[in-house]
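Following: one structure in structure tokens, then a few remarks.
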Amino acid sequence: MNVGDKMFPLVENALDWAAKRQQTISANLANIDTPGYKARDITFAEHLQSLALETTSPMHLNPFSQNGMRVYEVGAKDRGNGNTVDLDSEMTELSKNGLQYIALVQFLNQKIRTLRSAINDGGKG
Amino acid sequence: MSLITAMRINASGLTAQRQRVEISSGNLANSETTRTLEGGAFRRKDVVFQTATFGQTFEAAHNGTEGVEVTEIVTDMAPFDRRYEPGHPDADQSGYVDFPNVNSTEEMANLVSAARSYEANLAAINIVKSMISKTLEIGR
């Protein structure tokens, strides 16, 4: 392991994605009674795919950029006034996203702890 | 910070739903009011919700981060509830009184719906709050 570990920017990106996703969930919940509002979500699929690939062309997505995030309209059922927000699925996604975010933070903390113990105790052996 | 924005978006939801409850409560309170400042019986009011962007209009729409606001309060022009009450001081020559076009059942349903939406936004704020406090613990 080295201090310039690629894991940090990756986790940072994932945290950023979860925070952005929280925004779309919040917007959906705020607009639950707005006529004509279309529920939205943010993708991570392309973002994730790009992580496994070498960027050999400038057309490839950079794993350390946010270009892989894309907002799209969820194809949910119209509730009669043009609004497609589904309260139950939004509440589920809300909890899920919150837990994912906290899990990422814990992972990052663990990583920092490991690094710190290497720095502090490494030479004592 | 995007989590703070998420909180603001939900806060806009709280404000809008609270305004809806206020208007609906006003309708219920005045469901028998036959005299108003504008003259005549009370007319049912309703709120109009619209998406609202915070500052950076383009970016907000692009990122799907729009809040909500009450753009106007409309008056329901549906006909009054005419009841035959000749003894009423506001009765016309034929003995009919115009009572407000407020339907209590509809208002109760509206109130419950607004309360549910309010709670949903509140739950989201609490989750965002815990996300933010966890963020502050990074590296501790």
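The values are calculated or read from the model by the stated rules, or taken from the named source; none is laboratory data. Everything quoted here is computed from the prediction, not taken from an experiment. Please note: Cβ atoms are built from the backbone with ideal geometry, for glycine as well, and neighbour counts cover all protein chains shown.
Note on segment B:100-140: among residues that are among the hydroxyl-bearing types (Ser, Thr, Tyr), within 14 Å of chain A (Cβ to nearest Cβ) and without any contact (Cβ under 8 Å) to a residue 60 or more places away in the chain, the one that is nearest to B:LYS45 (Cα to Cα) is B:SER113. Comparison of B:VAL70, B:VAL97 shows that the only residue that is over 30 Å from A:GLN106 (Cβ atoms) and touching a residue at least 60 places away in the same chain (Cβ under 8 Å) is B:VAL97. When restricted to residues that are among the hydrophobic types (A, V, I, L, M, F, W, C), modelled with pLDDT of 80 or more and more than 15 Å from A:LYS38 (Cα to Cα), segment A:51-94 contains 2. Could you check segment A:115-125 and list, in sequence order, the residues that are aliphatic (A, V, I, L, M) and either away from chain B (no Cβ under 11 Å) or in contact with a Phe, Trp or Tyr (Cβ under 7 Å, 6 or more places away or on another chain) (or both)? Result: A:ALA118, A:ILE119. What residue, among those in segment A:93-114 that are buried (at least 18 other Cβ atoms within 10 Å of the Cβ) and more than 14 Å from A:ASP16 (Cα to Cα), is nearest to the other protein chains (Cβ to nearest Cβ)? Here the answer is A:LEU94.
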